[in-house]
Amino acid sequence: MPSAYRASIRHALGPSQVETFEDGLLLLDDQGKIVACGSYEELVLRLPKNCTIHDYRGFWIIPGFVDCHTHLPQLDCRNKNGYTLLDWLKIYIYPAEAKFADPKIAESVALRFFDELLSHGITTAAIYSTIHFEATDIAFKIAKEKGLRVIIGQVLMDQNAPALLLKPAVQSLRESEKLITKWHGVDGRLFYALTPRFALTCSKNLIRDAGKMSQEASCYFQTHLAETKEEVLQAKDLYQFKNYTGFYESNHCLSSHSLFAHCIYLNEAEWRMLGEHKGCVAHCPTSNVFLKSGTMPIAALEKEGIRYGMGTDVGAGPTFSMMEVADCAHAVHPKGVVTNEKAFYLSTLGGAEALALSDQIGNFVEGKCADFAVFEKSDYKGIANEVFVQGELVWKKGKSV
């Protein structure tokens, strides 16, 4: 049965074009796809006779947020400060991720993590799991139960990390292959990403074979790139490459479904290379501020026409709120670089474009899936009252439905 939602409605049509209807109506078909979005006064005359109108006056309806980079096992590692990236990984993150060898811990954290996403109106996320096959499988299972749209990858590491978190390349890739077969494309909402943590913890063979597998299986590839100067120098010393991005390019890791987080310290040639291969970037301003990593040069990225969206990067990122991430982006870049309109776009449609999902989600254009969040107008904390994925209610007043 078709349905309609009356509320104040806002969605982005582009980086500088945000459409707002103070008294709006969102019309869905019986498959959870968008039929129309506009003013109530105009659309109410077009409603089918059997259409149910849900009255959300006093609330905002916006597209579900798209989180382009986050870490499920780091849920309880937020606000662990005092260190820069590489020491922070050793002191806090690796011990936390090692615990995911226990499936009970993996399940407990995953349940809380996905509830945090939904409570903040995030309906789509690109997620790093751990090196553990079972923990990653559990993450997919719970994401499916919660109704979320996710890209998840089992983290790959075979060097320069604690022994408990290392796994031979052959074994890691075999497990990734099983996860691809089981989960990639399920319900049109679950997707797999080959996920080498970053160059320092992965052998060249592992990165090369992960890149090849991502392209052969038509799935995603995600990793961290040039987050800190120290990381770049150590990676260059380890692999003797001319530039960091070129190392990934030569190992079959650049494509339209390749997602690189941070990208703070890339040179002009590297940005050009990313653009030529249609790679995309996850901008993580709250994380970059927290670890004092630096500021991503948006002008260089936009010059090459590179797709990019926002990432919470939990747990270096201290918050699940995409509103706070957007505010941070607005604050850390020079005036006019990230306007309020662009920040909203990057958190929704821009993120969908970065993840190559904008034909399905990101705004309220006819034919797209109705992924949206409902917020009280008086609530400035960014906590969603209700969340819908493809027209299906999945979150209501603090609980999964």
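For the reader, a short list of remarks on this structure follows.
- All positions within the stretch 276-300 that are part of a loop (DSSP other than H, G, I, E, B) and either at pLDDT below 95 or over 18 Å from the mean Cα position of the chain (by Cα) (or both): His277, Leu291, Lys292, Ser293, Gly294, Thr295, Pro297
- Selected residue (only one of Thr295, Thr312, Thr339 is within 16 Å of Gly121 (Cα to Cα) and not charged (D, E, K, R)): Thr312
For every residue, the table says whether it meets (1) within 27 Å of Cys280 (Cβ to Cβ); (2) not assigned by TED's automatic domain parsing to the domain that holds Ala329.
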| position | (1), (2) |
| --- | --- |
| Glu41 | no, yes |
| Ile53 | no, yes |
| Tyr83 | no, no |
| Trp88 | yes, no |
| Thr130 | yes, no |
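- Verdict on Ala343 being not basic (Lys, Arg) and not assigned by TED's automatic domain parsing to the domain that holds Asn288: no
- Reported count of residues in the stretch 114-139, each being buried (at least 24 other Cβ atoms within 10 Å of the Cβ), out of contact with any Gly (no Cβ under 7 Å at 6 or more places or on another chain) and not β-branched (Val, Ile, Thr), is 8.
- Selection of the stretch 301-343 for residues being under 20 Å from Ile62 (Cα atoms), outside any loop (DSSP other than H, G, I, E, B) and either of a type in the set (A, V, I, L, M) or touching a strand residue (DSSP E or B) at 6+ places or on another chain (Cβ under 8 Å) (or both) yields Tyr308, Gly309, Met310, Met322, Met323, Val325, Ala326, Ala329, Glu341, Ala343.
- Output for the stretch 39-83, where each listed residue is at positive phi, part of a loop (DSSP other than H, G, I, E, B) and touching a residue at least 60 places away in the same chain (Cβ under 8 Å): Asn79
- Residues that are closer than 30 Å to Ala12 by Cα and crowded, with 17+ Cβ neighbours inside 10 Å, drawn from the stretch 79-113: Phe113
- The condition of being modelled with pLDDT of 95 or more and out of contact with any Phe, Trp or Tyr (no Cβ under 7 Å at 6 or more places or on another chain) holds for only one of Val374, Val365, Val387, that being Val365.
- Residues located in the stretch 45-60, provided they are loosely packed, with under 15 Cβ neighbours inside 10 Å and either farther than 13 Å from Ser3 by Cα or among the β-branched types (Val, Ile, Thr) (or both): Leu45, Thr52, Ile53, Arg57, Gly58
- Look at (1) in contact (Cβ under 8 Å) with a residue 60 or more places away in the chain; (2) of a type outside the set (Asp, Glu); (3) assigned to a helix (DSSP H, G or I); (4) in contact with a His (Cβ under 6 Å, 6 or more places away or on another chain) and you find that Leu346 fails only one, number (4).
- Number of the exception - Gly147 against (1) touching a residue at least 40 places away in the same chain (Cβ under 8 Å); (2) crowded, with 21+ Cβ neighbours inside 10 Å; (3) on the phi < 0 side of the Ramachandran plot: (3)
- The single condition among (1) in a helix (DSSP H, G or I); (2) more than 22 Å from the chain's Cα centre (by Cα); (3) small (Gly, Ala, Ser) that Ala161 does not satisfy is (1).
- Residue selected from the stretch 270-326 under the condition within 14 Å of Thr245 (Cβ to Cβ) and among the β-branched types (Val, Ile, Thr), by the criterion surrounded by the fewest Cβ atoms within 10 Å (Cβ to Cβ): Ile306
- Filter pass, Tyr5 being in contact with a helix residue (DSSP H, G or I) (Cβ under 9 Å, 6 or more places away or on another chain), aromatic (Phe, Trp, Tyr) and touching a residue at least 24 places away in the same chain (Cβ under 8 Å): no
- Of all residue pairs spaced 6 or more apart or on separate chains, those with beta-carbon atoms under 7 Å, a first member in the stretch 84-105 that is within 17 Å of Gln234 (Cβ to Cβ) and a second member that is crowded, with 18+ Cβ neighbours inside 10 Å and of a type in the set (Val, Ile, Thr) are Thr84/Thr228; Leu85/Thr228.
The values are calculated or read from the model by the stated rules, or taken from the named source; none is laboratory data. In this text, all values refer to a predicted model and were calculated from it rather than measured experimentally. Don't worry about glycine lacking a Cβ; one is built from the backbone with ideal geometry, like all the others, and counts go over all protein chains shown.
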